[in-house]
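Data first, discussion second: the structure below is written as structure tokens.
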Amino acid sequence: MYHFLALFTVLLWGGNTIANRMAAGVIEPGAMSFYRWFVAFLVLTPFCLPAVWRKRHQIKPHLGKIAILAGLGMVLNQTLGYYAAHTTTATNMALIMALVPLLSLFMSAQLLGQRIKGRALVGTAISLGGLAFMLSRGELAQLFSQGMVLGDALMLGAATTYALYCVLLKRWSLAFLTSWQMVYVQVSVAVLLLMPLLFNAQSQAISADALPIVLYAGLAISVLAPWLWIRSIERLGAGNAAMYMNFLPVFSALLASIMLDEQLTVFHAIGMPLVLGGVIIAQIQRLPGWWRKEEQRQEEVERFS
């Protein structure tokens, strides 16, 4: 039951890149970013505001941290994604976001003092190689000489900001807030931070074509999916639930081929397994005996050197 719940949640999140791509051309990126979180704010306020208000004196000293988290995870990450959707495909967007666990791993080494193990380096090399092969369509020399498409570069920025968000969220754990209260205070700050983008947009209107996208992003992705994910983690454990996130780019690619007529090429067929395989290798906890012994040997060498 809860395994299906986790899988369904990832499917909802997989639709996020589809919504990003569909939003391009029907609503301004700045307006889309604002309205998405404003819808979530309106829905969450009746349930979260009373408890958050009672804790306002505890929250006040941490407003700076909350603002940074909201700016990274809900402003920069999402806004870059909406701009990226104008010049790249939903499939590419999903595959680049699949690098978030690897980016978080390396940032954790710097900010949390976590040790990077050999398998993480191997997984990173495999994932980056697969991503480079896919984005360059097999012409790696051309990728290095001409650089990435703007949309892919923006998505890499979005993935980097979200990875930093995840690491800081762990470092700045505000234990006096529940999961939903933490989400709510960040959403509230994000709405304020996004107001300048809304007012600077060429149009603040929500067209008939854009309305379903805004509601999907604001309700299904920003409210329903987090609630389902919290329930999944409570029942399955964080580690077991996290493994389902590896299905995210697969679901996104399938949805993109069905809803957006994006064609999966041989480059995707080669690059996607490499990207996902590298992420799984870096995340895997149970290692083959020979690899585990090698890592233990390396740790002993480091300890006595």
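The values are calculated or read from the model by the stated rules, or taken from the named source; none is laboratory data. A quick note: this is a predicted structure, and the numbers were derived from the prediction, not measured. With ideal geometry, Cβ positions are generated from the backbone for all residues, glycine too; neighbour counts draw on all protein chains shown. All accessible areas refer to the heavy atoms of the entire protein, side chains included, with ligands and DNA or RNA removed. Shrake-Rupley method; radii C 1.70, N 1.55, O 1.52, S 1.80 Å.
Enumerate the helices (runs of 4 or more DSSP H) found wholly within the stretch 160-243, keeping only those where 2 or more residues are more than 25 Å from M22 (Cβ to Cβ). Please lay out each step first, then the result.
Numbers: elements: 179-200, 211-215, 225-236, 238-243.
Ranges flagged: 179-200, 225-236, 238-243.
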Return a yes/no flag: does the stretch 99-109 have any residue that is among the hydrophobic types (A, V, I, L, M, F, W, C), surrounded by fewer than 23 Cβ atoms within 10 Å (Cβ to Cβ) and without any contact (Cβ under 8 Å) to a residue 60 or more places away in the chain. yes
Answer yes if at least one residue in the stretch 243-253 is open to solvent by 40 Å² or more (accessible area, probe 1.4 Å) and either polar (S, T, N, Q) or more than 24 Å from H3 (Cβ to Cβ) (or both), and no otherwise. no
Taking the stated definitions as given, is G15 small (G, A, S), assigned to a helix (DSSP H, G or I) and under 30 Å from A132 (Cβ atoms)? yes
Pairs, first at negative phi and acidic (D, E) in the stretch 30-49, second surrounded by fewer than 20 Cβ atoms within 10 Å (Cβ to Cβ) and not in a helix (DSSP H, G or I), C-beta under 6 Å, six or more apart: none
Pairs with Cβ under 9 Å, 6+ apart, first in the stretch 70-84 and over 11 Å from R36 (Cβ atoms) and open to solvent by 10 Å² or more (accessible area, probe 1.4 Å), second hydrophobic (A, V, I, L, M, F, W, C) and outside any helix (DSSP H, G or I): Y83/A24
